[in-house]
Every structure is written in structure tokens, then in C-alpha cells.
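Please read through the structure below; I'll follow up with questions.
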Amino acid sequence: MIEIKSLRKTYQGPSGPLHALDGITLTIPKGKIYGIIGPSGAGKSTLIRTINMLERPTEGNVIIDGEDITRYSESRLRALRQQVGMIFQHFNLLTSRTVAENIAFPLEICGVPKEQIRARVAELLPLVGLEDKADTYVSNLSGGQKQRVGIARALANHPKILLCDEATSALDPQTTQSILRLISDINKKLDLTVVLITHEMNVIREICDYVAFIEQGKIIEADSVRQIFTNPRSSVVKEFVQGALEGDKLQHLLEEGLFHQSPRGVLIRVSFVGEGVNEPLISTVIRRFDVDANILFGNVDSLGDTAFGTLLIELTGEETNIVQAIEYIRLTHVRLEVIRHG
Amino acid sequence: MVETYLQSAWETFYMVLISSTVATVLGIPLGILLVVTEKGSIGPNRLLNNTLGFLINVFRSIPFIILLVAILPLTKFLVGSRIGTTAAIVPLTIAAIPFVARLIESSLKEINKGIIEAARAMGATPWQIIRMVLLPEALPGILLGIIITFVTLIGYSAMAGAVGGGGLGDLAIREGYMRNNNEVTWVTVVILVVMVQVFQSMGDFLTSKIRKNRGLL
């Protein structure tokens with residue numbers, strides 16, 4: 001378990017002090033995948049680096065399994081770091097070494113005997129699916145393969161914690177999926193505590209058990225992913241959740257003005273969570289209020305066993321009827337937003 | 001005459017080889033020190049960094065011919081004589097050390113900072129980072145730097161004639177220029193050009209081979 005307590009990191013900027021971390025308190029349970037999400041400059045990169053003290057906080061404590069590592073000396077920290085794996089956005093592999101030699105690197109740092117290193121590397125290569133690339137120099141690999149080397153390297157010392165610093169941000173969507181699956185697999189297989197930072201809600205949704213939203217060095221909301229998705233409290237988090245559920249597609253369509261062709265009608269967006277998906281809301285509205293509903297965009301997705309849906313609907317008919325229909329929808333547990341009035 | 005040319009070519013080669021070797025051995029640690037003591041690096045030390053940078057700049061700004069004369073007492077102390085080929089090695093080496101240090105510094109600075117951070121995250125000591133990350137990663141650049149030093153010293157060694165150091169440059173000045181013997185001037189220049197070409201090509205070949213091997217080309 002990792003406990004982060006009232007953590008502050010202050011830099012002296014040209015126009016006064018800058019608070020990269022402004023009183024962060026988090027508890028990261030053992031064996032889970034904990035995501036930290038926020039816009040760039042929010043402090044998430046600084047935050048993840050305090051877990052292995054690559055960044056020393058100005059105030060506050062980081063406690064790993066009951067040990068306050070903020071009090072550690074540099075040499076004790078080095079011993080700790082050997083037990084905490086880390087992977088990076090730009091992989092940070094040694095170009096002077098082959099795949100196998102890169103995986104061996106952290107073991108050489110710890111002074112593991114050559115024979116044991118060889119055996120451990122031979123174990124790790126198939127785990128990340130790179131058996132046939134052992135003697136390839138890393139510059140000849142694709143981004144996804146490089147991150148697999150990064151993961152194997154991070155796991156070499158049998159760490160208890162894996163830190164992922166925007167590990168999929170430089171990868172295409174397909175490769176991102178396969179890397180996320182790998183991280184999720186090793187989390188279960190090795191009972192590894194994973195802390196990851198990202199700016200992509202998709203990553204949180206795909207593999208995280210817990211999530212913390214961070215903005216300007218402060219935690220806005222932190223909870224289980226299920227809880228955040230079904231019941232976001234702050235508006236920032238709501239927006240993030242909605243974005244993750246609709247994807248960029250709806251936003252893109254709206255920006256292109258594709259839905260503004262018909263001059264009549266009211267454009268609304270309804271978002272269903274959980275059971276709402278199964279209710280015949282639209283047909284009820286059409287029958288009860290004598291309006292026409294033209295579905296312009298629809299999307300249903302799931303998180304675990306909870307379903308989510310979004311519909312973009314154009315309502316046409318008598319104005320009073322439309323107003324009543326909207327009132328009615330608002331009374332149900334479906335979220336409604338008017339995008340354009342008639 | 002051929003023997004004179006060969007003798008001079010050997011003297012040049014000998015002076016340059018010894019001085020660039022010694023300068024490399026002493027310059028690499030200085031280059032490393034310049035990089036690691038920088039702010040935000042693995043062993044920041046502002047005082048040491050500034051002092052070292054200043055001293056290197058001072059030595060680099062002294063014209064070689066002045067340096068040659070100015071350090072005569074030191075030369076005498078180190079090699080027991082103020083004149084001769086071996087005596088010329090001392091000023092050549094001293095001129096080359098800061099040069100090597102700056103070249104090493106710039107090739108080490110080209111290493112992606114993320115790789116160093118990754119090594120720190122694995123619990124590497126500063127010494128391990130130097131040995132296992134900085135030097136191997138910068139190897140092609142370091143090799144090129146050594147070759148550049150070697151080639152530059154060939155030029156500097158011409159001035160070594162001033163302390164009776166001999167070599168091709170000295171031959172060109174004494175026999176070619178002062179005695180107005182154009183043939184000697186031309187032949188020595190051609191030999192120097194060939195020497196420079198050969199060593200530069202060797203360096204280029206070696207570095208590009210390493211880079212290609214690593215998939216960087």
C-alpha cells in the first residue's frame with residue numbers, strides 16, 4: 001500500500017513560488033491499478049516521481065508499506081528504487097544495448113551474477129512477447145515493441161510497484177490497447193501495484209481500478225473507477241467521463257456543424273447511465289407529447305457490467321410540446337442537455 | 001630527401017599520437033565532470049562546474065604559440081628538456097585537454113535526459129550512470145571528438161618547430177619557406193593532407209559502423 005500525505009512541491013518561479021503539488025493526499029491499495037489523470041501541467045508527472053523520490057517533495061510524506069520514504073537517505077532510496085519499476089512515455093531505452101541487454105540493465109545495477117541475469121532475461125522475453133528480438137538493437141523496434149522492452153526491464157527485479165509515466169501516450173490506439181492489456185495482465189499475474197498517469201480517460205476506463213483527478217496540483221476527485229463513472233461529482237470530472245463515453249466522434253460532428261442543417265427542431269443530448277439504457281424513453285416521449293424525435297447520433301458503451309449511452313436527438317413539433325417533452329425527460333434519471341434551441 | 005620526409009612525418013605522428021592520447025585520458029574525466037556537475041544533473045555542484053568551465057575557457061583562449069613558450073618551465077620539469085620532439089608533446093597536450101573536455105561535454109549532452117532518469121529510477125549510482133549509460137551511449141560522439149582532436153593537433157604541431165620539436169610543419173617552414181624551396185613545402189603539405197584524410201576517414205568509418213550497428217543510421 002502506498003500512502004501519500006499532504007504532499008507539496010514548490011518551485012521558485014520567476015514570478016514567485018509555483019506549487020506543482022498543492023497538498024495531495026491519496027491511498028493506493030496494494031495489487032490494484034491506480035490511475036492519475038489530469039491536463040498537462042497539472043502536476044501528475046511530479047506526483048508519480050515522488051513515489052520513487054526522483055522528485056523530493058517540499059512537504060508531506062510518501063509511505064510505502066508503512067515506511068516513510070521521504071526520510072530515506074540517497075543510498076536507501078537507491079535500494080528502494082531497485083524494487084520499484086518504472087516505464088516512460090518515450091521508453092528511455094539504451095540505444096547502445098540490444099533488447100536482452102536493456103532488460104539486463106537493472107539487474108547489472110544490482111550486481112546480479114551473469115548466469116542469473118541470463119536466466120531472468122530468458123523468462124521476461126516471452127512474458128512481453130519479444131523472444132525473437134533478444135539481439136536486436138532497440139532503435140530497430142516499433143513503439144509498441146520498445147514499450148514492451150521497457151515493461152520487461154521494469155519487471156526484471158521482481159518489483160512490487162510499477163510506475164507508468166504516460167506509458168501509452170506516444171503509441172497509436174491499437175498498440176495502446178495491447179500495451180494496456182499487457183499491463184493489466186502482469187498486474188493480475190504478479191500481484192503488482194500499478195500507478196499510472198495519463199491524460200487519456202480511455203486508459204483509465206480500460207484498465208484502472210481507481211482514479212484520481214488532478215488539476216493545478218490538487219486532487220479534485222478520487223474514487224473507484226466504477227464510482228466515478230456512474231456518479232461523478234464535480235463538473236470537470238463529469239466532462240471527462242462524458243468525453244470518454246462519447247469519444248471524440250460526437251464532439252467532432254458537433255464542431256463540423258453537421259447537425260445544424262435542419263432549421264426547425266431542438267437539438268438535445270441525453271446520457272443514460274446503468275438501467276436507463278433499457279427503458280423505452282424515446283418512444284414514450286414521442287407518444288405522450290406528440291413530437292417527432294430524429295436520432296442523429298447514438299452510442300452505447302460499457303464499463304464492467306454497467307452500460308452507458310448517449311443519444312443526440314432532434315425534437316420537432318409544436319413548441320409547447322417540445323418544452324413539455326424536455327421537462328419530462330429531465331424528470332427521469334437520464335441526463336439531458338439542450339445543444340440548440342429551435 | 002625521402003628519409004627527411006619520413007623522419008618528419010614520424011615526428012608529427014609521434015607528437016600528435018602521444019599528446020592526443022594523454023589529452024583524451026585527462027580530457028574525458030573533465031568533460032564528464034562538466035556534465036554531471038551541471039544543475040539538474042546527477043551530481044550538481046555549481047562552484048566546481050563554474051570553476052572548471054572558467055579554467056577551460058582560459059586555456060582555450062591562450063594562443064598556442066604563447067602557451068608553448070609560457071609553459072617552458074613546466075615542460076622542463078615534466079620531460080627534463082625544453083626542446084625537442086618530446087618537449088613539444090607537453091604544450092600540445094595542455095592545449096588539447098580543454099578542447100577534448102568541451103567535445104566530450106557536447107557529445108554527452110546529446111544523450112536523451114530520459115535515459116539518465118530511467119537509470120536513476122532503477123537505483124543506479126552516479127558512477128554506474130557514467131559507466132553504463134553516459135559513456136556507452138555517447139561512444140560514437142566521443143570517438144569523433146578524439147579524431148577531431150587528433151586532426152587539430154596535426155595543425156598545432158606545425159608550431160612545435162618553435163621549440164625544436166621537428167615534424168612536417170617544422171620541415172615546411174625551415175626547408176620550404178625560409179630557404180624558398182617550394183618542392184619541400186608542397187610535398188609536406190600533401191603528406192599532411194593525406195594524414196588528415198586517412199585519420200578522419202578511419203574515425204568516420206568507425207563511428208558510422210557503431211551507429212549503423214545500433215540502428216541509428
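The values are calculated or read from the model by the stated rules, or taken from the named source; none is laboratory data. From a predicted model like this one, the values you see are computed outputs, not experimental measurements. Reconstructed Cβ throughout: ideal geometry from the backbone, glycine too, with neighbour counts over all protein chains shown. Heads up: the accessible areas ignore ligands, DNA and RNA and are worked out on the full protein's heavy atoms, side chains in. Shrake-Rupley method; radii C 1.70, N 1.55, O 1.52, S 1.80 Å.
Restrict the check to segment B:179-200 and report whether at least one residue is surrounded by 15 or more Cβ atoms within 10 Å (Cβ to Cβ), of a type in the set (D, E, K, R) and over 18 Å from the mean Cα position of the chain (by Cα).
No.
Ok, one more. crowded, with 16+ Cβ neighbours inside 10 Å, modelled with pLDDT of 85 or more and in contact with a helix residue (DSSP H, G or I) (Cβ under 7 Å, 6 or more places away or on another chain): is that true of A:ALA307 in this structure?
On the way: crowded, with 16+ Cβ neighbours inside 10 Å: yes; modelled with pLDDT of 85 or more: no; in contact with a helix residue (DSSP H, G or I) (Cβ under 7 Å, 6 or more places away or on another chain): yes.
Criteria not met by A:ALA307.
Determine if segment A:178-195 includes at least one residue that is part of a helix (DSSP H, G or I), open to solvent by 20 Å² or more (accessible area, probe 1.4 Å), among the β-branched types (Val, Ile, Thr) and over 15 Å from A:TYR34 (Cα atoms).
There is no residue in segment A:178-195 that is part of a helix (DSSP H, G or I), open to solvent by 20 Å² or more (accessible area, probe 1.4 Å), among the β-branched types (Val, Ile, Thr) and over 15 Å from A:TYR34 (Cα atoms).
Additional query: Quick test of your reading of the structure: B:ILE104 fulfils all but one of (1) hydrophobic (A, V, I, L, M, F, W, C); (2) open to solvent by 10 Å² or more (accessible area, probe 1.4 Å); (3) within 28 Å of A:GLU108 (Cβ to Cβ). Name the failing condition by number.
(2)
Can we say A:GLU200 is free of Cβ contacts under 8 Å to residues at least 24 places away in the same chain and either open to solvent by 40 Å² or more (accessible area, probe 1.4 Å) or among the basic types (Lys, Arg) (or both)? Spell out how you get there, then give the answer.
Values: free of Cβ contacts under 8 Å to residues at least 24 places away in the same chain: no; either open to solvent by 40 Å² or more (accessible area, probe 1.4 Å) or among the basic types (Lys, Arg) (or both): yes.
It is false that A:GLU200 is free of Cβ contacts under 8 Å to residues at least 24 places away in the same chain and either open to solvent by 40 Å² or more (accessible area, probe 1.4 Å) or among the basic types (Lys, Arg) (or both).
Take segment A:80-111 and flag every residue that is assigned to a helix (DSSP H, G or I), under 13 Å from B:GLN128 (Cβ atoms) and open to solvent by less than 30 Å² (accessible area, probe 1.4 Å). Reasoning before the result, please.
Kept after step one, since they are assigned to a helix (DSSP H, G or I), are these residues of segment A:80-111: A:80-81, A:99-109.
Among the residues that remain, those that are also under 13 Å from B:GLN128 (Cβ atoms) are: A:81, A:105-109.
Selection gives A:ARG81, A:PHE105, A:PRO106, A:LEU107, A:ILE109.
Before we move on, is B:ARG60 among the basic types (Lys, Arg) and in a helix (DSSP H, G or I)? Talk me through it step by step, then tell me what you get.
Details: among the basic types (Lys, Arg): yes; in a helix (DSSP H, G or I): yes.
Spelling it out, B:ARG60 is indeed among the basic types (Lys, Arg) and in a helix (DSSP H, G or I).
For segment A:17-27, does any single residue satisfy the condition of being more than 25 Å from the chain's Cα centre (by Cα) and farther than 25 Å from A:VAL149 by Cβ? Give the derivation first.
If we filter segment A:17-27 for residues that are more than 25 Å from the chain's Cα centre (by Cα), which is where we start, we get A:17-18.
Keeping just the survivors that are farther than 25 Å from A:VAL149 by Cβ gives A:17-18.
Yes, some residue in segment A:17-27 is more than 25 Å from the chain's Cα centre (by Cα) and farther than 25 Å from A:VAL149 by Cβ.
Right, next: Could you check, for segment B:143-164, whether at least one of its residues is within 14 Å of another protein chain (Cβ to nearest Cβ) and in contact (Cβ under 8 Å) with a residue 40 or more places away in the chain?
Taking segment B:143-164 and keeping what is within 14 Å of another protein chain (Cβ to nearest Cβ), we get B:143.
Adding the requirement that they be in contact (Cβ under 8 Å) with a residue 40 or more places away in the chain leaves B:143.
Checked against the condition, which is being within 14 Å of another protein chain (Cβ to nearest Cβ) and in contact (Cβ under 8 Å) with a residue 40 or more places away in the chain, segment B:143-164 yields at least one hit.
Any residue in segment A:66-79 that is open to solvent by 30 Å² or more (accessible area, probe 1.4 Å), part of a helix (DSSP H, G or I), within 8 Å of chain B (Cβ to nearest Cβ) and over 28 Å from B:GLU110 (Cβ atoms)?
Looking through segment A:66-79, at least one residue is open to solvent by 30 Å² or more (accessible area, probe 1.4 Å), part of a helix (DSSP H, G or I), within 8 Å of chain B (Cβ to nearest Cβ) and over 28 Å from B:GLU110 (Cβ atoms).
Since A:ILE219 meets every condition but one in (1) in contact with a Pro (Cβ under 7 Å, 6 or more places away or on another chain); (2) away from every other protein chain (no Cβ under 14 Å), which condition does it not meet?
Tallying (1) in contact with a Pro (Cβ under 7 Å, 6 or more places away or on another chain); (2) away from every other protein chain (no Cβ under 14 Å), A:ILE219 fails exactly one: (1).
Determine whether A:PHE91 is of a type outside the set (Gly, Ala, Ser), at positive phi and at the interface with chain B (Cβ under 10 Å from one of its Cβ atoms). Please lay out each step first, then the result.
Working: of a type outside the set (Gly, Ala, Ser): yes; at positive phi: yes; at the interface with chain B (Cβ under 10 Å from one of its Cβ atoms): yes.
When the stated conditions are applied, A:PHE91 passes them.
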